[in-house]
Amino acid sequence: MKQGSRYEWGEGVYTLLSWFKKERVKNARVLVAGAGALGNEVVKNLALFGVGHIYVVDFDEIEITNLTRSVLFREQDAFNHEFKAEVVARRAMEINPQIHVVPIVGNLFSEVGFGIYRMVDVVIGCLDSRIARYLLNRLSMRAGKTWIDGSIENLTGAVRVYTPGLSCYECGLSREEFNIIMLRTGCADVVRSQASAGRVATTPISASIIGAMQVQEAMKIIHLDDESGNGQFKTLQGKMLRYEGLTNTTSIYRFASWKKNCPAHERWDQIVNASELSATHTVKQTIKELKQLLGVSALEINMRNNKFIDKIISDKPEKEFQVMLPESKLDRHISNDPELKKLSYRTLFHKSFFENIDDDFPYMDLTLEQIGIPPFDVIQVSTEKGQFYVELGADAPLYM
Ligand SMILES: [Zn+2]
């Protein structure tokens with residue numbers, strides 16, 4: 001807590017709403033995926049409410065065009081090429097010095113430790129593409145967490161709340177939407193660019209309205225198992241709220257879709273906490289420690305959300321390039337390398353990659369983070385005794 005903050009945040013709010021529990025909100029943890037127009041509004045509102053722990057994920061830098069609809073960005077941030085997540089975190093803590101906001105500059109699927117998904121009370125999606133929603137849904141379901149999706153386009157917007165066992169984004173996709181997503185995620189050995197696909201025009205008004213509704217829903221989810229809240233509020237779980245700015249109409253639809261055999265429903269709940277393990281450990285160290293911890297003689301670390309690329313091979317001319325990076329960093333690497341960037345417009349790249357790491361892995365001295373496993377992640381380990389999910393517990397203090 002900063003010096004001079006003698007008052008308790010949010011007194012007014014809590015006397016107005018009887019079901020609001022100050023302690024509960026203070027102790028709450030919320031993951032915000034995306035720090036664009038919606039993400040700005042959402043984090044601002046979470047900060048005003050006094051939500052104690054907020055994690056903001058975004059890999060983008062601020063651009064001058066973001067300023068017209070992002071309340072927390074300033075012109076200077078764009079000139080300084082600052083990352084959205086970092087600026088959002090800083091400004092939110094200026095608004096409310098009693099909260100803690102952790103920025104994560106990276107991809108929400110492969111660069112955010114799964115331990116964070118497990119730790120939060122609710123996830124708020126402030127995303128602008130189907131593929132990102134598909135991935136966020138997978139992770140939230142895997143962690144058993146409700147996620148609140150916001151979408152805005154021109155003067156309209158929508159809020160949808162997905163809760164494990166009740167509603168799932170993937171189950172609600174049409175075959176056509178699903179095929180588009182598969183096309184973009186499925187080609188494992190061909191390099192693709194993920195840049196700015198399907199961005200839509202938005203206004204600061206729809207971002208304010210939808211972002212506010214998302215946070216209101218998050219507050220209810222945080223109080224869901226609190227008895228005093230019973231009967232006092234209705235959530236949007238399994239529903240969609242649609243706002244139409246042109247006509248000032250708001251409608252609520254049932255939106256629950258939960259099918260059998262949907263691969264997104266895979267739940268990781270039997271997790272071994274390895275309080276000594278960290279993403280800063282080398283592969284060699286990790287394999288040794290895991291063998292000890294699990295009492296096995298051989299094992300394989302299965303990278304579920306990322307791959308380690310040691311080289312890429314171009315078609316024309318036929319040439320190999322040493323890369324040594326996680327797949328999640330490959331696009332940026334290619335666009336920063338003049339030769340690769342030029343080639344990428346006219347030739348296909350094929351990747352030489354590793355997604356199962358065992359005693360034969362040739363780069364044993366690299367750290368887990370260097371091969372694409374983020375801090376505080378949960379890794380899937382296959383052994384002769386079966387499969388284990390192991391949390392890199394030594395990284396937890398980074399996010400407390
Ligand atoms: Zn599903």
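Residues that are in a strand (DSSP E or B) and under 12 Å from residue 340 (Cα atoms) within the stretch 312-325 comprise 312, 313, 314, 319, 320, 321, 322, 323, listed in sequence order. What residue, among those in the stretch 170-184 that are charged (D, E, K, R) and under 20 Å from the mean Cα position of the chain (by Cα), is nearest to the ligand (Cβ to nearest atom)? So the residue we want is 170.
Taking the stretch 371-386 only, how many residues are of a type outside the set (Val, Ile, Thr) and within 18 Å of residue 115 (Cα to Cα)?
Step one: list which residues in the stretch 371-386 are of a type outside the set (Val, Ile, Thr), which gives 372, 374-377, 380, 382, 384-386.
From the residues that got through so far, the ones that are within 18 Å of residue 115 (Cα to Cα) too are 372, 374-377, 380.
Matching residues across the stretch 371-386 total 6.
Looking at 124, 148, just one residue is more than 16 Å from the ligand (Cβ to nearest atom), among the β-branched types (Val, Ile, Thr) and either assigned to a loop (DSSP other than H, G, I, E, B) or more than 30 Å from residue 333 (Cα to Cα) (or both), and that residue is 148. Pull up the stretch 252-279, narrow it to residues that are among the hydroxyl-bearing types (Ser, Thr, Tyr) and more than 9 Å from the ligand (Cβ to nearest atom), then point me to the one that is nearest to residue 171 (Cα to Cα). This residue is 253. The single condition among (1) out of contact with any strand residue (DSSP E or B) (no Cβ under 9 Å at 6 or more places or on another chain); (2) over 30 Å from residue 159 (Cβ atoms) that residue 296 does not meet is (1). Pairs are defined by a Cβ separation below 7 Å, a sequence spacing of at least 6 or placement on different chains, a first member in the stretch 69-87 that is in a helix (DSSP H, G or I) and surrounded by fewer than 17 Cβ atoms within 10 Å (Cβ to Cβ), and a second member that is modelled with pLDDT under 95 and hydrophobic (A, V, I, L, M, F, W, C); the pairs so defined are 75/67. Here residue 306 passes the criteria (1) outside any strand (DSSP E or B); (2) touching an Asp or Glu at 6+ places or on another chain (Cβ under 7 Å); (3) at pLDDT 95 or above except the one numbered (3).
The values are calculated or read from the model by the stated rules, or taken from the named source; none is laboratory data. Remember, predicted model here, so these are calculated numbers, not experimental data. Neighbour counts are summed over all protein chains in view; Cβ atoms, including those assigned to glycine, are modelled from backbone coordinates with ideal geometry.
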